[in-house]
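Asker: The structure's right below; bear with me while I get my questions together.
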Amino acid sequence: MGDAFLFAANSVLPIIILIALGYFLKRIKLLTKEFLDVGNKLTFRVLLPVMLFVNVYSIDRITDINIVFVLYGVVGVFAVFLLGTAVTCAFTKDSAKRGTLIQAIFRSNYAIIGIPLAASLFGDKGAAAAGVMSAFCVPLFNILAVVTLTIFNGSAEKHTVDVKKVLLGVVKNPLIIGTVMGLVCLGIRELFVMGNIAFRLSDVTIVYKSLENVKAICTPFALIVLGGKFEFSAVPKLRNEIIFGTVLRTVGVPLLGLSAAYIFRDAFALGGEHFAAYVGVFATPVAVSSAIMAKEMGADDELAGQLVVWTSLVSTLTIFAIVTALVMLGIF
């Protein structure tokens with residue numbers, strides 16, 4: 001029990017401390033709103049794509065990718081989306097709140113918290129598995145979010161889903177670009193191996209070392225910016241919705257997603273690196289971008305902002321408990 005607790009602390013607390021540092025620096029006026037806005041753009045448009053590229057390219061062989069591992073993650077997210085929609089529609093009749101709550105249930109903060117957490121839990125293998133999963137889960141999160149907020153919003157006029165616009169948004173997503181480029185370069189490297197060609201991208205030391213340096217600053221910078229963007233406020237009128245969304249996101253979804261994976265771990269050949277990625281998919285708090293999207297598409301953005309904050313707070317405890325349990329079960 002003591003070793004499991006220590007492992008969880010070493011894996012989770014460094015992430016929590018960096019988020020807390022960002023919030024503290026903002027409170028003492030060292031980080032301004034303008035800096036945080038620019039920092040957020042820098043993270044999503046440059047740092048995260050580079051980190052994802054390096055993580056994917058670090059996979060030893062493309063044949064090492066467990067297809068069943070990826071399929072389970074995709075099917076799991078879609079199942080959570082369907083169940084979340086059914087439960088939320090039974091919980092509230094308010095269309096704007098429905099859209100916000102459904103998005104909060106299935107959409108995790110995978111890029112900023114999930115991938116670094118996977119790396120912390122299982123090293124380079126965890127980071128690589130999380131990078132591969134991002135190629136499928138990140139676009140799925142975006143597509144389902146657009147569909148959800150198009151159907152459920154505060155507008156009296158319902159709009160049809162613009163499939164072309166959704167797909168274009170996915171293709172132009174920097175996280176997708178970084179991951180796909182990593183997969184392409186990994187595929188090229190595989191062809192080199194088959195052709196007995198010795199050249200590797202890592203042989204271009206100046207370029208590859210620069211990419212690794214950018215990757216190194218991504219996680220601490222992204223977490224500090226995340227903490228700096230937190231705004232705590234009491235919203236009594238949204239108490240029930242906040243509790244509902246927070247409990248489902250931080251307790252219900254991880255229990256469902258990780259328990260099923262544990263049951264079928266032998267049949268699916270799932271290792272510790274795969275569970276590290278699943279913790280990022282199912283157990284992390286609501287994505288920060290969900291609040292921005294909710295505002296743009298007419299859902300309840302006030303509730304969305306509160307869910308980002310409260311799921312982030314509560315998940316510091318639930319992730320700690322989940323990691324401890326997985327260590328005791330022999331996964332990590």
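Asker: Can you name every residue in the stretch 56-108 that is open to solvent by 10 Å² or more (accessible area, probe 1.4 Å) and in contact with a strand residue (DSSP E or B) (Cβ under 7 Å, 6 or more places away or on another chain)?
Answerer: Arg107
Asker: Hey, another quick one. Since Val235 meets every condition but one in (1) open to solvent by 40 Å² or more (accessible area, probe 1.4 Å); (2) over 16 Å from Val286 (Cα atoms); (3) β-branched (Val, Ile, Thr), which condition does it not meet?
Answerer: That leaves (1) as the condition not met.
Asker: Mind telling me which of the residues Val87, Val77 ends up being at pLDDT 95 or above, within 30 Å of Ala267 (Cβ to Cβ) and under 17 Å from the mean Cα position of the chain (by Cα)? Before the answer, list the steps.
Answerer: On the way: Val87 fails: under 17 Å from the mean Cα position of the chain (by Cα).
Going through Val87, Val77 in turn, just one is at pLDDT 95 or above, within 30 Å of Ala267 (Cβ to Cβ) and under 17 Å from the mean Cα position of the chain (by Cα): Val77.
Asker: Identify, please: which residue in the stretch 181-218 is among the β-branched types (Val, Ile, Thr) and at pLDDT below 85 and is, among those, farthest from Ile113 (Cα to Cα)?
Answerer: Ranking the candidates gives Ile197 first.
Asker: Scanning for something surrounded by fewer than 24 Cβ atoms within 10 Å (Cβ to Cβ), more than 16 Å from the chain's Cα centre (by Cα), of a type in the set (A, V, I, L, M) and not in a helix (DSSP H, G or I), does the stretch 135-158 turn up at least one residue?
Answerer: Yes, there is a match, as at least one residue in the stretch 135-158 is surrounded by fewer than 24 Cβ atoms within 10 Å (Cβ to Cβ), more than 16 Å from the chain's Cα centre (by Cα), of a type in the set (A, V, I, L, M) and not in a helix (DSSP H, G or I).
Asker: Those residues that are over 19 Å from Leu101 (Cβ atoms) and free of Cβ contacts under 8 Å to residues at least 12 places away in the same chain, I need them from the stretch 69-85; list them, please.
Answerer: Leu71, Val75
Asker: For the stretch 255-280, give me the residue count where each residue is buried (at least 24 other Cβ atoms within 10 Å of the Cβ) and closer than 30 Å to Lys93 by Cβ.
Answerer: 0
Asker: Further question on the same structure: Would you check if there is a residue in the stretch 23-38 being under 19 Å from the mean Cα position of the chain (by Cα) and crowded, with 21+ Cβ neighbours inside 10 Å?
Answerer: Within the stretch 23-38, the first condition is being under 19 Å from the mean Cα position of the chain (by Cα), and the residues that meet it are none.
No: zero hits.
The values are calculated or read from the model by the stated rules, or taken from the named source; none is laboratory data. These numbers were taken from a predicted model, which means no experiment stands behind them. Neighbour counts are summed over all protein chains in view; Cβ atoms, including those assigned to glycine, are modelled from backbone coordinates with ideal geometry. Ligands, DNA and RNA are stripped out before the accessible areas are found, and what is left, the full protein with its side chains, is counted by its heavy atoms. Shrake-Rupley method; radii C 1.70, N 1.55, O 1.52, S 1.80 Å.
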